[in-house]
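Participant: I have a structure here, written as C-alpha cells, and I will follow up with some questions on it.
The values are calculated or read from the model by the stated rules, or taken from the named source; none is laboratory data. Computed from a predicted structure; not experimentally measured. Glycine also receives a Cβ, built like all others from the backbone with ideal geometry; neighbour counts cover every protein chain displayed. Areas reflect the complete protein model, heavy atoms only, side chains present, ligands, DNA and RNA absent. Shrake-Rupley method; radii C 1.70, N 1.55, O 1.52, S 1.80 Å.
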Amino acid sequence: MSPALDHTSLYLFGCVCLALMLGYPVAYTLAGMALLFAGGGILFGHFDPAFLTALPGRLFGVMTNTTLIAVPLFIMMGVVLEKSRIAEELLDNMGKVFAGLRGGLGISVVLVGAMLAASTGIVGATVVTMGLLSLPSMLKQGYSPALATGTIAATGTLGQIIPPSIALVLLGDVLSSAYQQAQLDMAVFNPQTVSVGDLFIGALIPGLILVGMYILYISAFTWLKPSAAPAASRHGAVDVGELLRGLLPPLALIAAVLGSILSGAATPTEAAGVGALGAMILAAGKRQLSFARLREVVISTTEITCMVFMILIGAALFSLVFRGFGGDELIQHYFDGMPGGVMGATLVVMLVIFLLGFILDFIEITFVVVPIVGPILLAMGLDPIWLGIMIAINLQTSFLTPPFGFALFYLRGVVPEELPTSAIYRGVVPFIIIQLVMLVLLAVWPQLATWLPAAVRG
C-alpha cells in the first residue's frame with residue numbers, strides 16, 4: 001500500500017464524523033459510508049471483498065448474543081418506572097425527608113436521580129424526567145437557576161456509570177470481545193474473560209463516590225451561599241409509613257437486580273428479566289399499568305431497542321471495512337510510537353473519546369471507537385474493568401461539557417424559555433470538575449474500580 005492509502009481508514013472515520021455532524025442518522029451513516037469506501041476500494045483494487053463476507057456471521061453472532069438480551073429488558077424496566085409515576089413519588093418522599101435542611105431539595109434530587117439511574121440506565125430519560133419533576137419545585141423554592149439546572153444535568157448523567165446501566169451492558173460486551181482479541185494477539189490461547197457483571201461491580205464504588213461528591217458540593221455551596229438554596233419549610237411530622245411505602249418498593253427492586261448479580265445468583269441478563277418483571281409488578285400495585293400504558297411501554301422499548309441494534313449492525317460493517325483498510329495496524333503503529341508508552345496512549349484515547357462525546361452518543365462510541373482502540377490498549381497491559389469505568393466516566397463528563405454536551409441539550413428542551421442557557425452552562429462547571437477529579441482518582445488508584453470485582457470473584 002502507498003502511504004496515502006495507509007490512511008484510508010482514518011479518512012473513513014473522519015467522513016463518518018462529518019456526516020454525523022451534518023445530522024444524518026447514525027446507523028445508516030456508519031453502514032453507508034463503510035459501503036461507499038469499500039466499493040471504491042474494490043473498484044481500484046485496494047480493498048479485499050472477502051472482508052465483507054464475514055458480515056453475516058457477525059450479525060448472526062449479535063442476534064444470538066445472550067448478553068445483549070439484557071438491553072431491551074433493562075430499557076423496559078426503566079420505561080415502566082418512568083411512566084408509572086414511581087419517580088415522582090420518590091422525589092416527593094425524599095423531599096419530605098430533607099425538608100428544613102438547606103440544600104435539602106438538591107440533595108433529594110441527587111439521591112432520587114441516582115436511584116433512577118440505577119433503574120433506567122438511560123441518560124436522556126433521567127435528565128428529562130428529573131427536569132420535568134424537580135426543576136419547577138427548585139425554582140419555586142428559590143434555588144439559583146445555575147445550581148438547580150447543574151444539579152439536574154449532572155445527576156442525569158449518573159445513568160452512565162451507576163449499574164445496571166445500558167451503557168455498561170454494551171461497553172462490557174464490546175470490551176469482552178476486545179479483551180479476548182488482545183490476548184489472542186499476544187498468543188494467549190486460553191484467554192481470560194471479562195463480563196458485564198464484572199463491569200457492574202467495578203462501577204459501584206466510583207458511582208457511589210460520585211454521588212457522595214455531588215452531595216458534598218451542594219452542601220458546601222449552600223452553606224457558603226445560603227441564598228442560592230433556601231431550606232424548605234417542614235409542614236408537620238413526616239408520615240414514616242407513607243415514606244416507607246414510597247421508598248422501599250423501588251429500593252427493593254434495585255437491590256434485587258444488583259444483589260442477584262453481585263451474589264452470582266443471576267447473570268446480568270437474568271437480573272434484567274427480574275428487573276423488568278419487578279417494575280411491572282410495582283406499576284400494577286400502584287394501579288398504573290393500564291392496557292394503554294402497557295402499550296406505550298412496549299412501543300417505547302421497541303423503538304429504543306431497534307435503534308440500539310441498528311447502530312450495532314452499522315458499526316459491525318464499519319469495523320470490518322476499517323480493518324480491511326488496515327486501520328487497526330495503523331492505530332497500533334501510532335500507539336507504539338507515542339511518547340509516554342501505555343499511559344500516553346491511554347491519555348490520547350481518553351481525550352479523543354471526550355471530544356467525540358460532543359458529536360456521538362455513547363452507543364456509537366462504544367460500537368465504533370472501543371473495538372478499534374480497545375484491543376490495542378488491553379494488549380499493552382491495561383485492566384479491562386478499569387478501562388471500561390474510565391471510558392464510562394469520561395463520556396459522562398463529555399455529556400456535561402458545554403456547548404455540545406448531550407445532557408445539556410436534553411435539559412434545555414424541558415426548562416422554561418426565559419431561563420438562559422448560560423445559567424445551565426455555569427451550573428454544570430463545578431460538576432465537570434468533580435468528574436475530572438474522579439477520573440484522576442481512578443488513574444492514581446485503579447483499585448477503586450478493580451478491587452471489588454476481584455473480591456467478589458474470590
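Participant: List the GluC sites (Glu not before Pro) within the range 343-425 that fall in a DSSP loop (any state other than H, G, I, E or B) and whose Cβ has at most 12 other Cβ atoms within 10 Å.
Facilitator: Here the GluC sites (Glu not before Pro) that fit, given the DSSP loop and packing criteria, are GLU417, GLU418.
Participant: With every protein chain left in place, what is the accessible area of LYS83 in Å² (1.4 Å probe, nearest 10)?
Facilitator: 60
Participant: Which whole-number percentage describes the relative contact order of the chain, with Cα contacts under 8 Å and a sequence gap of 6 or more?
Facilitator: 28
Participant: So, one more: Angle between the Cα long axis of helix 240-262 and the longest principal axis of the chain, 0 to 90 degrees, nearest 10?
Facilitator: Taking the Cα atoms of the chain, the angle to 240-262 is about 20 degrees.
Participant: Relative contact order of the range 369-458, please, whole-number percent, based on alpha carbon pairs below 8 angstrom and at least 6 residues apart.
Facilitator: Once divided by the residue count of the range 369-458, the mean separation gives 33 percent.
Participant: Continuing with the same structure: What number comes out for the charge environment of LEU135, summing +1 per Lys or Arg and -1 per Asp or Glu over other residues with Cβ under 15 Å away?
Facilitator: So the environment of LEU135 carries a net charge of -2.
Participant: Additional query: First compute the accessible area of the chain with a 1.4 Å probe, then give the percent of it belonging to carbon and sulfur atoms.
Facilitator: 69
Participant: Kindly provide the helix-only [θ] at 222 nm of the chain, computed as the sum of -39,500 (n - 2.57) over DSSP H runs of four or more divided by all residues, to the nearest 500 deg cm²/dmol?
Facilitator: Value at 222 nm, helices only, nearest 500: -24500 deg cm²/dmol.
Participant: Would you kindly state how much longer the chain becomes between ILE42 and LEU441 on full extension, computed as 0.36 nm times their sequence separation minus their alpha carbon distance, in nm to one decimal?
Facilitator: Between ILE42 and LEU441, full extension yields an extra 138.9 nm.
Participant: What does the charge dipole of the chain about its Cα centre add up to, to the nearest 20 debye, if the Cβ of each Lys and Arg holds +1 and the Cβ of each Asp and Glu holds -1?
Facilitator: So the magnitude is around 1260 debye.
Participant: Taking loop as defined by DSSP and a crowding limit of 11 other beta carbons within 10 Å, which chymotrypsin sites (Phe, Trp or Tyr not before Pro) in the range 349-458 fit? It would help to have the intermediate numbers written out before the result.
Facilitator: On the way: sites: PHE354, PHE358, PHE362, PHE367, TRP386, PHE399, PHE404, PHE406, PHE409, TYR410, TYR425, PHE431, TRP451; in loops: PHE358, PHE399, PHE404.
Loop-located and lightly packed - none at all.
Participant: Below 17 Å, Cα to Cα, which aspartates and glutamates can LYS96 reach? Residues fewer than 8 away in the same chain don't count.
Facilitator: Once the sequence-local aspartates and glutamates are set aside, what remains near LYS96 is GLU88, ASP239, GLU242.
Participant: Which chymotrypsin sites (Phe, Trp or Tyr not before Pro) in the range 6-101 sit in a loop by DSSP (not H, G, I, E or B) and have at most 10 other Cβ atoms within 10 Å of their own Cβ?
Facilitator: Hits after loop and neighbour filter: PHE44.
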